[in-house]
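Student: Before I ask anything, here is the structure I am working with.
Computed from the coordinates by the stated procedures, all read-outs in this text should not be read as laboratory data. Note that the coordinates shown come from a computational prediction; the quantities given were computed from them, not determined experimentally. Positions of Cβ are generated from backbone atoms using ideal geometry, with glycine treated the same way; all protein chains shown enter the neighbour counts.
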Amino acid sequence: MTEALRIGIAGLGTVGASVARVLVEKAAELTRQCGRPITVTAVSARDRGKDRGVDLGDIAWFDDPVELARSNGIDVFVELMGGDEGAPREAVKAALEAGRHVVTANKALLAKHGVALAEIAEKKGVLLNYEAAVAGGIPVIKTMREAMAGNSVSRVFGILNGTCNYILTRMEAEGLTFEACLKDAQRLGYAEADPTFDIEGNDTAHKLSILTSLAFGTRIAANDIYLEGISNITQADIRAASDLGYRIKLLGVAQRTESGIEQRVHPTMVPTASVIAQVHGVTNAVAIETDILGELLLSGPGAGGNATASAVVGDIADIAKSRPGFQHGPVFGRPAKELKPYKKAQMRSHAGGYFIRLTVHDRVGVFAAVARRMADNDISLESIVQHAAGANGDDKKTVILVTHETTEAAVRKAVDGVTKDGHLVDKPQVIRIERAG
Ligand code: NAP
Ligand code: HSE
């Protein structure tokens, strides 16, 4: 039997403890599949006394994950701590520089330092695997990097955050509050240590930036993503969307346009009949449109210990199966040094349909004034509906507009105009509509 592959795991939280458990429970099966045993030889976390729900027996403990990363007692360093600076960054860098393969689920780290870390991995001839960093258990990295060679991608988009999709699904299906749904997502181990990363869209942006690099061969540009989260989405939006035949999803979208690559993360209305609208709960989905393949849709569990562990263990198994001296493929599909600079398409040029919900004073002429602002900006309306005042008889009405295809610049100008006219009682709500199959 070939020598065991020795694993060091830094981080024993939701994901790390699940990975350790799967490696122990599935040891025999993994040995058969990989042709050699995979053994956890060392671990690191902050609190040595915490019960991890898995027997860590004689496994070496390191208080310092960077020391573990450099240890001669491991072949693969598995980073499952989270965070884009400090210990995770230093440990991953140290492991690669010491010639260890690295597996990580840390999209925040890759979004910020992925290209620099890939350069080290490629120089050292070791693997930097990160399947779990995007869309949890869905094998989207392998699919884009390996199975779609030769394809030219025109658009990649999807539901990339399990926490947000779980919240939106339960708000719609059960009429629950945003806060109650978020609490459950945290309890179930879906949310990030700081859940604002989920609900404000940063986590989706981190994942999207990685997909953009794979899709278009560009350097990762997470800071150039237009970003809106879901914390402003109300039951009123969800109900209005449903009445109009739409469902609201937090999407990450990257697409090639004439002026550059558009990267955006925002709540989006998708037709209720579309496949992506049927993706519920913690499930994620990624749609990839290419010249050769056409449209591919991958869907599956997007967060949680087991789903994420599945992807991490898959990455470890790939390393166990790789032959010594074999030249590994580049981390982001093209050699890191050859990734092109990212050319950003301006958000104001974005073209699409829009849902606009306005809460206005209940006065004569307001409806006409809103319609005039739209016309003045060449916005053609698919529908405009005014709802009667609420049961409490207050001086408010809701005007809901759905536009035909127009531009972001036109919508912003029109809504600014309505605001200046002094008709609004509340902040206007604008939600983009996405073409989805
Ligand atoms: P978590 O439950 O908060 O666990 C983090 C672990 O890292 C804990 O065990 C913690 O130790 C340890 N840790 C933190 N800082 C450390 C340090 N300086 N030194 C040593 N150990 C340290 O997080 P998680 O949900 O497992 O997520 C881990 C990573 O996977 C993150 O990058 C996350 O974005 C990514 N991810 C998570 C999911 C998911 O569904 N949860 C899915 C995909 C990707 P203590 O336990 O002792 O405090
Ligand atoms: N917090 C992330 C999510 C974990 O909810 O999707 C998976 O990356």
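Student: Two-decimal Rg/Rh of segment 1-54 from alpha-carbon positions, Kirkwood Rh?
Tutor: On the Cα set of segment 1-54, Rg over Rh gives 1.02.
Student: Tell me, what HN-Hα J-couplings in whole Hz come from the Karplus equation 6.51 cos²θ - 1.76 cosθ + 1.60 at θ = phi - 60° for each residue of segment 67-73, using x for Gly and Pro?
Tutor: 5, 4, 4, 8, 4, 6, x
Student: For each of Ser231, Ser380, count neighbouring Cβ atoms within 10 Å of the residue's Cβ, then give the residues from fewest to most.
Tutor: Fewest to most other Cβ atoms nearby, the residues stand as Ser380, Ser231.
Student: Between Thr218 and residues 5 or more places away or on another chain, which pairs have amide H atoms under 5 Å apart, with H built 1.01 Å from N, and which residues are they?
Tutor: For Thr218, whose amide H was placed from the backbone, the distant partners under 5 Å are Lys340.
Student: Would you order Ile220, Ile384, Ile276 from fewest to most other beta-carbon atoms within 10 Å of each residue's own beta-carbon? Please report the intermediate quantities before stating the final value.
Tutor: Numbers: Ile220 25, Ile384 15, Ile276 22.
Listed from fewest to most nearby Cβ atoms, that is Ile384, Ile276, Ile220.
Student: Here is a further query. Neighbouring Cβ atoms within 10 Å as the yardstick, rank Thr143, Thr41, Thr2 fewest first.
Tutor: Thr2, Thr143, Thr41
Student: Then there is this: Please report the antiparallel percentage of the DSSP beta bridges confined to the chain, to the nearest 5.
Tutor: Percentage antiparallel, nearest 5: 65.
Student: I've got another one for you. Largest first, please: the extent of the C-alpha atoms of segment 286-437 along each principal axis, to the nearest Å.
Tutor: Over segment 286-437, Cα extents along the principal axes are 78, 36, 26 Å.
Student: Taking the chain as a Gaussian network, where each spring joins two C-alpha atoms under 10 Å apart, which residue of Leu293, Leu30, Leu128 fluctuates the most?
Tutor: Result: Leu293 has the largest fluctuation of those listed.
Student: Now, a different point. Expressed as cubic angstrom per residue, what is the convex hull volume of the alpha carbon set of segment 37-118?
Tutor: 103 Å³
Student: Now a separate question. May I ask for log10 I(q)/I(0) of the chain at q = 0.06, 0.08, 0.11 Å⁻¹, from a Debye sum over the Cα atoms as equal point scatterers with solvent left out?
Tutor: So the normalised log intensities work out to -0.29, -0.49, -0.85.
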